[in-house]
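Novice: Pasting in a structure now, in structure tokens, and then I'll have a few things to ask.
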Amino acid sequence: MKSARTAVAAALLAVAFGATAQQYPTKSPTLLVPFAPGPTDTVGRVIVQAMEKPFGRSFLVENRPSNGGILAPELVAKAAPDGYTILIHHIGMATTPALYRQLRYNPLTDFEYIGLINDVPMTLIARSNFPAANLKELLAYLKSNKDKVALAHAGIGAASHLCGMLFQSAIETELLTVPYKGTGPAMNDLLGGQTDLMCDQTTNTTGHIRGGKVKAYGITSARRAASLPDIPTMEEQGMKGFQVGIWHALYAPKGTPKPIIDRLSGALQEALRDETVKKRFADLGAETFPPERGTPDALRAHLKAEIDKWGPIIRKAGVYAD
Ligand code: ASP
């Protein structure tokens, strides 16, 4: 009897959630961005703008920057699981468990997965008047001037930090690093000449590189980007294995009803099919994932594989934050 009642209750709940999912959203959902306006913010705004169509409602975008982007996932993990708070994050979701001794969320257990968005290479750049014209000159310069050089990044857990760490380990040289609340603000300082070097996503650097506002020494993709054909890959310049792709994805708090996740994921897949979205990302050097990767299962598998890939690399490098 009891189990029958439980079954009825579960069925009613499913119907209620179904009805809620039909009506969802009755107000604007909010997308939390873990960094100040900059590359991840750009990807987030492009994607939620395209996702508005099936919902007929706009998304709000809130920047919640913190060291390495760890605050926004924590806030989303603790938010009401009702589909009104979602998160965009990048590779940092996979690297922070190895970087932080006390992370206040678990990427594998505290979220529902909506789907993957795109993959963005990084570029190693410098202020326009930095005294090195190419990677070879940069390496030579760093040999005798490393103490004069500041490498900007967006905190431990940020893509810029990961890429900067890989660069320092490849050249076996420790540089002075300066953390910012995102590579957006860091870029302002680089453009103003207050800092020297940075690894940053092409979604933030393409315009500045093309406009000659910053120097670019290499790109971290396997092949050159069509949008930046003159920038050689790090690998083709002899840095074997220096490849890093900054994938972005959407998450919701654990327990968000499946019908709502399905609708969000469906809207994401539609957005990934949208030619305007694909062109916008391609112009910024990013590769849009095919719609079949804009699914919870694809994101779950990718996140797990990335945690397994980067955990040992980071632990070997011995970088930790508390
Ligand atoms: N993607 C970050 C941002 O939007 C920066 C980073 O991860 O390095 O600022």
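Novice: Specify the residue with the greatest mean-square fluctuation among 34, 131, 291, computed from a Gaussian network of the chain linking alpha-carbon atoms under 10 Å apart.
Specialist: The residue with the greatest mean-square fluctuation here is 131.
Novice: Return the sequence-ordered ³J(HN,Hα) values of segment 89-104 in whole Hz as given by the Karplus equation 6.51 cos²θ - 1.76 cosθ + 1.60 applied to θ = phi - 60°, using x for Gly and Pro.
Specialist: Here the 3J(HN,Hα) series is 8, 10, 3, x, 4, 8, 8, 4, x, 7, 8, 10, 5, 10, 8, 8 Hz.
Novice: Positive end of the charge dipole of the chain (Lys, Arg +1 and Asp, Glu -1 on Cβ, about the Cα centre): tell me which of 30, 204, 317 has its Cα farthest that way.
Specialist: 30
Novice: Tell me the carbon and sulfur percent of the accessible area for segment 229-288, rounded to whole percent, probe radius 1.4 Å.
Specialist: Of all accessible area on segment 229-288, carbon and sulfur atoms account for 49 percent.
Novice: Taking only Cα atoms and a 10 Å spring cutoff, compute GNM fluctuations for the chain and point out the largest among 282, 133, 79.
Specialist: With Cα springs under 10 Å in the chain, the top fluctuation among 282, 133, 79 is at 133.
Novice: Over 17 Å, how big is the tail of the calculated P(r) for segment 164-236, in percent of all Cα pairs?
Specialist: More than 17 Å apart: 47 percent of the Cα pairs in segment 164-236.
Novice: What figure in square angstrom, to the nearest 10, would you give for the accessible area of residue 128 with a 1.4 Å probe?
Specialist: Accessible surface of residue 128 is approximately 60 Å².
Novice: Oh, and also: Using only the Cα atoms of segment 14-96, what are the Rg and Dmax in Å?
Specialist: My reading of the Cα-based Rg and Dmax gives 13.7, 42 Å.
Novice: In whole angstrom, how long is each semi-axis of the equivalent ellipsoid of segment 72-206, when you take the square root of 5 times every eigenvalue of its Cα gyration tensor and sort them from largest down?
Specialist: In descending order, the three semi-axes are 32, 15, 13 Å.
Novice: At 1.4 Å probe size, put 108, 99 in order of accessible surface, largest to smallest.
Specialist: Ranked from most to least accessible, the order is 108, 99.
Novice: Considering only DSSP states other than H, G, I, E and B, which trypsin sites (Lys or Arg not before Pro) in segment 49-112 qualify as loop sites with at most 12 other Cβ atoms within 10 Å?
Specialist: 101
Novice: Build a GNM of the chain with springs between Cα atoms under 10 Å: which of 43, 61, 149 gets the top mean-square fluctuation?
Specialist: 149
Novice: Using the crude model of +1 on Lys and Arg Cβ and -1 on Asp and Glu Cβ, and no other charge, please compute the dipole size for segment 275-322 relative to its Cα centre, in debye to 20.
Specialist: 100 debye
Novice: By its C-alpha gyration tensor, with a ≥ b ≥ c as the square roots of the eigenvalues, how is segment 203-322 shaped: rounded for a/c under 1.5, else prolate for a/b larger than b/c, else oblate?
Specialist: It comes out oblate by the Cα gyration axes.
Novice: Okay, next question. Express in % the proportion of alpha carbon pairs of segment 59-99 at distances exceeding 15 Å.
Specialist: 43 percent
Novice: Please work out how much accessible surface residue 288 shows to a 1.4 Å probe, ignoring ligands, DNA and RNA, in Å² rounded to 10.
Specialist: Counting only protein heavy atoms, the figure is 30 Å².
Novice: Between residue 108 and residue 213, what's the calculated FRET efficiency when r is the beta-carbon distance and R0 is 30 Å? Round to 0.05.
Specialist: Efficiency for this residue pair is about 0.15.
Novice: Also, I was wondering about something else. Could you give the length gained on full extension between residue 279 and residue 136, defined as 0.36 nm per residue of separation minus the Cα-Cα distance, in nm?
Specialist: 48.2 nm
Novice: At what distance in nm do the modelled label points of residue 30 and residue 172 sit from each other, each positioned 7 Å from its Cα along Cα→Cβ?
Specialist: Those two pseudo-labels are separated by 5.0 nm.
Novice: So what is the 222 nm mean residue ellipticity for the chain from helices alone, if each DSSP H run of at least 4 adds -39500 (n - 2.57) and you divide by all residues, rounding to the nearest 500 deg cm²/dmol?
Specialist: -14000 deg cm²/dmol, from helical runs alone.
Novice: A further question on this structure: Keeping all protein chains in position, work out how much accessible area residue 45 exposes to a 1.4 Å probe, and write it in Å² to the nearest 10.
Specialist: 100 Å²
Novice: Compute from the Cα atoms of segment 242-303 the Rg and the Dmax, the latter being the longest Cα-Cα distance, and quote both in angstrom.
Specialist: Just the Cα atoms of segment 242-303 yield Rg and Dmax of 12.8, 41 Å.
Novice: Where Rh denotes the Kirkwood radius from the mean inverse Cα pair distance, what is Rg over Rh for the chain?
Specialist: Answer for the chain: 1.02.
The values are calculated or read from the model by the stated rules, or taken from the named source; none is laboratory data. Remember, predicted model here, so these are calculated numbers, not experimental data. So basically every Cβ, Gly included, is an ideal-geometry build from the backbone, and we count neighbours across all protein chains shown. SASA here: full protein model, heavy atoms, side chains in, ligands and nucleic acids out. Shrake-Rupley method; radii C 1.70, N 1.55, O 1.52, S 1.80 Å.
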